[in-house]
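The values are calculated or read from the model by the stated rules, or taken from the named source; none is laboratory data. Just so it is clear, the structure is predicted and the values come from calculations on it, not from any experiment. Methodologically, a virtual Cβ is constructed for each residue, glycine included, from the backbone with ideal geometry; neighbour enumeration extends over all protein chains shown.
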Amino acid sequence: MKKVYEHPKSLKRAVFHYCPGCGHSIAHRITCEVIDEMDLQDKTLGIPPPGCSVFAYHYFDVDMAECAHGRGAAVATGAKRAFPDIVVFTYQGDGDLAAIGTAETIHAANRGENTTTIFINNAVYGMTGGQMAPTTLRGMKTTTTPYGRDHVIEGHPIRMSEMLAPLDGVAYIERVAVNSPANIRKAKKAIAKAFQMQLDKRGFSMVEILSPCPTNWKMTPIQAWKWVDEEMTRIFPLGVYKDVTEQKSAD
Amino acid sequence: MTKVLMDGNSSIGEAAIRAGCQCYFGYPITPQNELTEYMATHLSRRKGCAFVQAESELAAINMVYGASVVGARAMTSSSSPGISLKQEGISYLAACELPAVIVNMSRGGPGLGSIAAAQSDYFQATRGGGHGDYRTIVLAPSSVQELADLTMRAFDLADKYKIPVIILGDGVLGQMMEPVEFKREAPAQLPVREDALRGAKGRPSRIRKTFTSNPAELEEINWSLFRRYGLIKKEETTWETFMTDDARLVVVAFGIAARIAKGAIRNVRAEGLKVGLLRPITLWPFPDEAVKEVAKNVEHFLVFEMNMGQMIEDVQLSLEGKGEVSFYGRPGGVIPNPSEVARVISRLYYQKGLK
């Protein structure tokens, strides 16, 4: 008989603390599936952030080192440079990667650090209770944009994949979503490709995942999945932003 | 080993490499750039070593954190304003019980201050510095030779007690050249630290974390840190005494100020004044027992610092109300000379009727 479901080896048998409909648990699971399929469980160091996924170390059954808010890319740099034989990935939210840790992210990418970043973009600060994120859409109501994000006052949503892709140190960037079975399959493929770039020492790789946050969006899970398609992807289009293996040699 | 003539900053770099430092992460700031440059020249291409000029001090200290997580001997250096930025990372290193060496070639403050030598980071260094209840070992050298020796000791202490160690120097120590002898050869290979996270091969996966939603668990972590701090205080407190045997007045000073005080004491000794020096080498743990010991025979203390009076609080705490403590300080990067300090000592000596 064909096996259609298996608990990933590198995903601990713990009950997720995430809200119903949250994208984190899906992102965790597919990352673990990739780690299993690429046989990386015993050579991986994961770097989880403060935020909703601060407890990622309760779920990922690989070595995990929590770090300060926004500093994932710097911690990953230090770990990978000190011991290049391990596979290092950071797991970061939008506040972490695109606000407080923007400098660390840009410079790690620009140096072409051989590390992988899983970037969860849910357009809001989740754990602190739904404040405006750098990726909050225009017009979107959060607890710190109670009148809707007005770009004249609060600025525009920041597009990190588009911003980082032109940097020479970047090997691979793709934006995916985890709001439908088809998108989840694509997201998993992207994560596998990102890890492969690291194994091949091609440089910095990142997968940006548009991830529903029904609790702070004040939606049902189904409404939130739809909202990713109908609203988020208009500002954050899905697709490959950089892939050095697809580029023709300049020589 | 023969002596070589070297500036203080470079001597830290050479001593660190000989102590087995594998990773250096830094960001330019005066007056410590020679150290970053030395590591760029001598560490960056060494086998198994890494050097990164980081985008900020924040990034540099977090690179140290990452390197320490995987078990490398790692260091960073900066000067006062940059050390303020590193406090976040130092707090996390302390919480995670990770070894690291952090050099502060301190300069005048507050704010951007000046690039001249000062000792105004004493509080920051000895009280933890960042958020939360923790301490770091703080070593205060007063010569280029001692910079080299204490750099080697810093790496050993950091590994032994799983704690960040701060070398608190200053702009003068960093810039001045003196003969120095390096007492170790660089190790071919260091043993891998047992708690290094290098992938869960043949063992269960491990976690390095500081966050817990359970206050009782965090309280236990704090207790455990402070039990270790108690042990460090017992085992590692060091100081130097100079001409204290017959002294009626003892100057307490650290780092470059102690060096100046020594010159001043020689001057006043030549005039027959019985003055000695107590120099804390570990600022944390502070040698309070040594102060108490000296106070058995001495009533008058003069604390001399290149700041507005910070270590004086530790001296007063050590004395527990006994003795008389006076203070002389020059803040802002002004460097007093021995004859100025000698005048202060001698005025105090006569005022107190010691002669």
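Remarks
- Hits in region A:193-239 - residues which are over 16 Å from the mean Cα position of the chain (by Cα) and of a type in the set (D, E, K, R): A:Asp200, A:Lys201, A:Arg202, A:Lys218, A:Lys226, A:Asp229, A:Glu230, A:Glu231, A:Arg234
- Residues of region A:40-54 satisfying the condition of being facing chain B (nearest Cβ under 8 Å) and at pLDDT below 95: A:Pro50, A:Val54
- Restricting region B:81-105 to residues that are in contact with a Pro (Cβ under 9 Å, 6 or more places away or on another chain) and under 10 Å from B:Leu168 (Cα atoms), the residue that is surrounded by the fewest Cβ atoms within 10 Å (Cβ to Cβ): B:Ile102
- Set side by side, the residues A:Val88, A:Val75 differ, and just one is more than 12 Å from the chain's Cα centre (by Cα), within 15 Å of B:Ser68 (Cα to Cα), facing chain B (nearest Cβ under 9 Å) and touching a residue at least 60 places away in the same chain (Cβ under 8 Å), which is A:Val88.
- Selection status of B:Ala140, away from chain A (no Cβ under 12 Å), crowded, with 24+ Cβ neighbours inside 10 Å and within 13 Å of the chain's Cα centre (by Cα): yes
- Note on region A:13-35: residues that are surrounded by fewer than 17 Cβ atoms within 10 Å (Cβ to Cβ) and either at positive phi or among the charged types (D, E, K, R) (or both) total 1.
Condition check ((1) in contact with a Phe, Trp or Tyr (Cβ under 7 Å, 6 or more places away or on another chain); (2) within 14 Å of chain B (Cβ to nearest Cβ); (3) crowded, with 24+ Cβ neighbours inside 10 Å) across all residues:
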residue: A:Phe83; (1), (2), (3): no, yes, yes
residue: A:Ile106; (1), (2), (3): no, yes, no
residue: A:Ala123; (1), (2), (3): no, no, yes
residue: A:Met140; (1), (2), (3): no, no, no
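- Filtered residues of region B:34-58 (kept if away from chain A (no Cβ under 11 Å) and buried (at least 17 other Cβ atoms within 10 Å of the Cβ)): B:Glu34, B:Leu35, B:Thr36, B:Tyr38, B:Met39, B:His42, B:Leu43
- Residue in region B:264-272 that is assigned to a loop (DSSP other than H, G, I, E, B) and surrounded by fewer than 21 Cβ atoms within 10 Å (Cβ to Cβ) present: yes
This table checks each residue for (1) at the interface with chain B (Cβ under 8 Å from one of its Cβ atoms); (2) outside any loop (DSSP other than H, G, I, E, B).
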position	(1), (2)
A:Val4	no, no
A:Pro8	no, no
A:Ala14	no, no
A:Pro20	no, no
A:Ser25	no, yes
A:Val34	no, yes
A:Ala56	no, yes
A:Cys67	yes, no
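- In region B:79-183, counting only strands (runs of 3 or more DSSP E) that sit wholly within it, the ones holding 2 or more residues that are under 18 Å from B:Glu235 (Cα atoms) span B:137-139, B:164-170.
- Of the helices (runs of 4 or more DSSP H) entirely within region A:177-228, those holding at least 3 residues that are hydrophobic (A, V, I, L, M, F, W, C) occupy A:181-199, A:221-227.
- Candidate set: region B:196-218, residues that are more than 11 Å from every other protein chain (Cβ to nearest Cβ) and either touching a residue at least 24 places away in the same chain (Cβ under 8 Å) or more than 23 Å from A:Val62 (Cβ to Cβ) (or both); chosen: the one surrounded by the most Cβ atoms within 10 Å (Cβ to Cβ): B:Leu218
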